[in-house]
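What follows draws every value from the coordinates through simple rules; no lab data is involved. Because the structure is predicted, anything quoted here is derived from the model rather than measured. Because the Cβ atoms are built from the backbone with ideal geometry, glycine has one as well, and the counts that use them run over all protein chains shown.
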Amino acid sequence: MELLVVCVYNILTEKRDEIKRKLGEGIEIKKILVKSKDKGRKYKVDDSLITLNYEDIINDPEIQIIVELIGGEYPALNYIKEAINNKKNIVTANKLVIAKYAEEIFKLAKKNKVKVYYEGSVGAGIPIIKTLKESMIANKIKKIYGILNGTTNYILTEMIEKHVTFKEALEEAQKLGYAESNPYFDISGWDAAYKIGILSSLAYETFIDVNSLHVEGIEKIEKEDIEISEELGYSIKLLAIAKNINDKTLDIRVHPTFVSQKNPLSKINDVYNVVQIHGDAVGDIMIYGKGAGEMPTASAVVADIMEASKSIKYKIENEQISNGVNGQKLISIEDVENAFYIRLKVNDKPGVFAKIAKVFGDNEVSIASVIQKNRLTPVVPIFLLTHPIREKNLKDAIKSLEKIEDVIEVKNIIRVEDF
Ligand code: HSE
């Protein structure tokens, strides 16, 4: 049995009296679906609750709330839809299913007059869904900046502080239970993309097509990038960004980012997540906490179960996610303006800088600073920072740079976000 299920079970059983006092009525666990009844299970749960058959759950008329903690796309999506069709309320921590199928799921829930709760799907225990849905409801949301993946934040922190390799840091994150079963989703940025997709749907009242987002992971970050970023007064963070550009256009993306060390987000380390939201009435707010791990996620799941139970008791009806009214377009990444950090490997000989500077000038890319290290070898790294520039110009410049014989390789390009 998954540890997350056990954590939810433990909170609900150990805090039974407290929950009853807070809600005015108790919550009873009726069944737990498992894949197989393994003997000698590590965790102690009441065996009489265990079932291998999903039908036992969705066809039980006494069950009002189904908690989906399977994760991944299938069978979770089908189970959720079947449960909704059987008039069950859903609590889920499944960001993939909510991010990709929000429109279908929420329309189905509305039709069946049930609700879907998903606080645990973003930032584990940090109350970000409720904040956007309820506490900030009077605001127009202008911008969201988030560090939404604990695993990559942990890896980047370890690389900065302990000078370990990417691989060593990933193994440690997996051991600690932060990473997804397939860490590709963490490393590639897609876990954070699903999460910013969910937050954007809620903030901008639209359904975001997550597959259209620009997403980059941290796979290409090397020691040199980390060292130079720190030297220049930045920290590299995997940032999820969602901006309302002009009510018709949204800028939503996930990528490694140079964040100034003067910005509080640069100080959010380890497995911690943070979300900074700018609302037109409230200004900036920031929510911070453990964004991965079983107990923080269980905290959000149990809160949702309690919320669902309150809604059933008091017959509260409200929209759960976007009502999809706005239908804004996503700006293409090529049209976004950013400053950039560029790391090149070049032959160390007279005239090379001049050639590079000419290519940038020809493409209207203005260079803010250049650093060259280490004159002991014929091939040297050089690091450039540009002023803000439309991404298309930068890409054109890079294409021309790659044609210069003395430019051996464009090793990395990282956006710099000043906010
Ligand atoms: N693997 C995720 C993370 C946790 O590292 O943030 C669950 O969303």
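Before moving on, here are some points about what is shown:
- Label point distance in nm, residue 211-residue 51, each placed 7 Å from Cα along Cα→Cβ: 3.4
- Between residue 245 and residue 142, the modelled labels are 1.7 nm apart [label points 7 Å from Cα along Cα→Cβ].
- Charge tally around residue 51: other residues with Cβ under 13 Å, Lys/Arg +1 each, Asp/Glu -1 each, net -1.
- Check: the chain dipole with +1 on Lys, Arg Cβ and -1 on Asp, Glu Cβ, in debye: 640
- Put simply, the C-alpha atoms of the chain give a gyration tensor, and the ellipsoid matching it has half-axes of 45, 24, 17 Å, longest first.
- Put simply, the C-alpha atoms of the range 128-292 give a gyration tensor, and the ellipsoid matching it has half-axes of 27, 17, 14 Å, longest first.
- Applying the criteria of a DSSP loop state and at most 14 other Cβ atoms within 10 Å to the chymotrypsin sites (Phe, Trp or Tyr not before Pro) of the range 334-394 yields no site.
- Each peptide in 126-134, 70-78 was scored by the mean count of other Cβ atoms within 10 Å over its residues; highest first, the order is 126-134, 70-78.
- Relative frequency of Cα-Cα separations exceeding 15 Å in the range 272-311, percent: 58
- Charge dipole of the range 98-242 (Cα centre as origin; +1 on each Lys and Arg Cβ, -1 on each Asp and Glu Cβ, all else neutral): 1240 debye, rounded to the nearest 20.
- Fraction of beta bridges assigned by DSSP in the chain that are antiparallel (%, nearest 5): 75
- Estimated inter-spin distance, residue 403 and residue 269, nm [label 7 Å along Cα→Cβ]: 4.6
- Annotation: amide H-H contacts under 5 Å for residue 116 (H modelled 1.01 Å from N, sequence separation of 5 or more, or interchain): 90.
- Gain on full stretching of the segment that runs from residue 281 to residue 310 - 0.36 nm per residue minus C-alpha separation: 7.5 nm
- Nearest-ten-degree value, helix 391-401 long axis tilted from longest Cα axis of the chain: 50
- Between the alpha-carbon centres of the range 357-419 and the range 223-248 there is a gap of 17 Å.
- Alpha carbon centroid spacing (whole Å) that separates the range 64-136 from the range 286-310: 13
- Fully extending the segment from residue 368 to residue 17 would add 120.2 nm, taking 0.36 nm per residue of separation and subtracting the current Cα-Cα distance.
- Qualifying chymotrypsin sites (Phe, Trp or Tyr not before Pro) in the range 184-275, where qualification requires a DSSP coil assignment and no more than 15 other C-beta atoms within 10 Å, are lacking entirely.
- Computed from Cα atoms, the angle from the helix 352-362 axis to the main principal axis of the chain rounds to 60 degrees.
- Axis of helix 95-111 versus longest Cα principal axis of the chain: the two differ by about 40°, to the nearest ten degrees.
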